[in-house]
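Accompanying notes for the structure given below.
No lab work stands behind these numbers, since they all come straight from the coordinates. This one's a predicted model, so the numbers in the text were calculated from it and none came from an experiment. Here the Cβ is made from the backbone with ideal geometry for all residues, glycine too, and neighbour counts use every protein chain on show.
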Amino acid sequence: MNLEYIAKNTGMVQKPMPEFSTRPHQDPKKLLRAWAHSLPKIDLHRHLEGSLRLETLAEIATEHGIDLPSYDVEQLRPYVQITNDSPDFHRFLEKFKLLRKFYTSKEAVQRVTQEAILDAMEDNIRYLELRFNPVALARTQGFPLSDVVEWVIEAVSRAEVWSSTRTCLILQIPRGDPLPVAEEIVDLAIAYRGRHVRGIDIAGDEVNFPPRIFAIPFLRAKQAGLHVTVHAGEAAGADSVREAITFLGAERIGHGIRAVENSSVIQMLYQNNIALEVCPTSNFQTGAVPGLTLHPLKDLFGLRLKVTINTDDPSISDTTLSDEYLVAIRAIGLQKRLIYRALRNAVEAAFIPEEERPALRAYFAEAFRGFPDAASEFPINSV
C-alpha cells in the first residue's frame with residue numbers, strides 16, 4: 001500500500017499508538033504490521049471488479065489482444081490504480097472502465113475470482129464477501145448474465161476446496177443502468193440464492209440515482225430471503241442512508257460515513273442495528289472525507305454503531321485489510337480494541353447462512369485466545 005501517498009496528502013503522523021508496547025531494538029511499525037497481518041479477519045465489502053492483480057491484467061491482455069496504454073505493469077498502474085490522483089469520486093470510478101475490459105472468457109472470470117480469494121486468504125481473511133456486477137463481467141463479450149453468475153459461483157466453490165477462506169457473494173446492481181437491469185439482477189440473485197449467493201447491493205452514482213428508484217426490485221429480493229446492503233452516505237449525504245433503510249430495507253450500509261451529518265439517521269442506524277461497511281482508504285481516495293485525520297471512524301464507534309472495517313477495491317486502492325487496520329490506527333487514531341470490536345461486529349453482520357453463524361462465532365472466539373487484549377470483545381469463555 002502507498003502509505004507515503006496517504007501521508008503526503010493527509011499529514012498522517014507515523015507514531016506508535018497507545019496500547020502498543022515494544023521490546024528494545026524492535027521497530028514499532030513492523031510490530032504493528034505483524035500484529036495486523038496475524039489477526040484472523042473478515043472483509044464484508046470487497047468488489048470483485050476492484051480486486052484484479054496487475055500481473056493478471058497484463059497476461060490476459062496479451063493473450064486476448066486487449067488494447068492497453070501499456071503492457072508493462074508499472075506503466076499500466078496509473079490507469080487502473082490510485083497513485084498520485086487527487087481524491088475524487090468520479091476519478092475513482094473511472095478506473096473501472098479499463099478493468100472491465102478483462103472479462104474476456106469464462107476462464108478469465110474464474111481466474112480473477114479465484115485470485116481474489118487467494119489474495120484474501122494470504123492476508124489471513126477467514127470470511128470474505130465478494131460483491132460483483134454481472135453486467136460488468138458480461139458486457140465486453142456479450143455473455144448472458146446467468147452464465148457469468150454461474151462461472152463466479154463455480155470458481156468460489158473450487159476455491160473453497162483449497163482455501164481456508166469461506167466466501168459468500170453479493171450481486172450488485174449498477175445505479176446508472178435502466179431499471180429492468182436491476183430487475184434482472186434481482187431475478188438472478190433469487191434464482192441462485194443458496195450457500196454462496198447471499199444478497200444484493202446497488203453501487204455507482206449515488207447523487208443522481210437515489211435509493212428510492214430501486215424500491216420495487218429490492219422489495220422482491222427481501223421477500224425472497226436475500227440480504228440487502230446498499231452503497232449510501234459516501235458521495236451523497238445522510239438522507240441517502242435514510243432512503244436506503246426506508247425504501248430498500250438495508251441491513252447494512254456500504255460506507256455510510258456521512259450519516260454523522262444527521263443525528264436522526266444515526267438514531268435510525270442504532271435502533272435498527274444496521275452495520276456500516278467502512279473502507280477508510282477508499283473514503284479518502286474518493287473524496288468522501290477531506291483527509292484521513294478527519295475520518296469519522298472514531299465518532300461512529302463512539303456513537304455505538306455497528307461499525308466494520310473493509311477494503312472496498314484492493315487493487316484500485318493498492319491496499320489489503322491489514323493495511324486498512326494500520327491506516328485506522330496510525331492515521332485515524334483508532335485504538336486496537338476497536339479493531340477487535342469491528343471484527344466482532346462483522347461476525348454478527350455477515351450474510352453467511354444462519355446455520356453457519358455459530359461456527360463462525362466459535363472460530364473467531366477460539367482464534368482470539370492468542371490475543372489477550374481482545375478478551376473484552378472475544379471472551380475466552382465464549383467458546
Original post:
Given LYS222/LYS306; LYS41/LYS298; LYS30/LYS298; LYS97/LYS306, which pairs have Cα atoms separated by over 26 Å?
Top reply: LYS97/LYS306
Original post:
Order of LYS97, LYS306 from fewest to most other C-beta atoms within 10 Å?
Top reply: LYS97, LYS306
**OP:** Work out how far the C-alpha atoms of the range 292-383 reach from end to end along every principal axis, then list the three figures in whole Å, largest first.
**Re:** 37, 27, 25
Subject >> the range 337-348 - phi-based ³J(HN,Hα) in whole Hz, Karplus 6.51/-1.76/1.60, Gly and Pro as x >> reply: 4, 7, 5, 4, 5, 4, 5, 4, 4, 5, 4, 7
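Net charge within 14 Å of ALA238 by Cβ-Cβ distance, Lys/Arg positive one each and Asp/Glu negative one each, not counting ALA238 itself? All intermediate terms of the calculation are to be shown ahead of the outcome.
Values: positive: ARG242, ARG258; negative: GLU206, GLU234, ASP239, GLU243, GLU261, ASP299.
That sum, taken over residues with Cβ under 14 Å, equals -4.
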**OP:** Taking just the C-alpha trace of the range 221-273, give me its Rg and Dmax in Å.
**Re:** 10.5, 33
Original post:
Please report, for the Cα atoms of the chain, the Rg to one decimal and the Dmax as a whole number; what are they, in angstrom?
Top reply: 19.8, 63
**OP:** Return P(r) of the range 154-282 (all Cα-Cα pairs; 5 Å bins starting at 0; whole %; ordered from short to long distances).
**Re:** 2, 11, 21, 21, 18, 14, 8, 3, 1, 0
Original post:
Using just the C-alpha positions of the range 245-350 as equal point scatterers, what log10 of I(q)/I(0) does the Debye formula give at each q in 0.10 1/Å?
Top reply: -0.25
Subject >> Residues SER240, SER86, SER146 arranged by fewest to most Cβ contacts within 10 Å >> reply: SER86, SER146, SER240
Subject >> Charge dipole of the chain about the Cα centre (unit charges at C-beta), most positive-ward option of ALA367, LEU226, ILE42 >> reply: ALA367
**OP:** Rounding to the nearest 20 debye, state how big the charge dipole of the range 331-383 is about its Cα centre with +1 on each Lys and Arg Cβ and -1 on each Asp and Glu Cβ.
**Re:** 280
Original post:
Principal axis lengths of the range 95-206 from Cα atoms, whole Å, largest first?
Top reply: 38, 28, 26
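I need the peptides 211-222, 320-331 ranked by packing, meaning the mean over residues of other C-beta atoms within 10 angstrom, with the highest value on top. Let's see the in-between values first.
Working: 211-222: 19.0, 320-331: 23.7.
Put in order of decreasing packing, that is 320-331, 211-222.
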Subject >> Cα-only Debye scattering, the range 141-226: base-10 log of I(q)/I(0) at q = 0.16, 0.17, 0.25 Å⁻¹ >> reply: -0.66, -0.73, -1.23
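Among 53-61, 131-139, how do they line up by average Cβ neighbours within 10 Å per residue, starting with the highest? Before the final figure, lay out each step's value.
Details: 53-61: 17.6, 131-139: 22.1.
My ranking of the peptides, most packed first, is 131-139, 53-61.
Students often check this: by mean Cβ neighbours within 10 Å, which of 344-354, 154-164 ranks highest, and how do the rest follow?
Numbers: 344-354: 18.8, 154-164: 15.8.
Packing proxy ranking, top to bottom: 344-354, 154-164.
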Original post:
In whole Å, what is the distance between the alpha-carbon centres of the range 261-288 and the range 123-183?
Top reply: 25
**OP:** Taking amide H positions as placed in the peptide plane 1.01 Å from N, state which residues far from THR104 in sequence (5 or more) or on other chains have amide H under 5 Å from it.
**Re:** VAL109
Subject >> Virtual spin-label span in nm between SER263 and ARG304, 7 Å along Cα→Cβ >> reply: 1.5
Original post:
Once you put a point 7 Å from the Cα of ARG77 and another 7 Å from the Cα of THR62, both along the Cβ direction, what distance in nm separates them?
Top reply: 1.9
Original post:
What does the helix-only formula give at 222 nm for the chain: each DSSP H stretch with n ≥ 4 adding -39500 (n - 2.57), the total divided by the residues, and the result rounded to the nearest 500 deg cm²/dmol?
Top reply: -13500 deg cm²/dmol
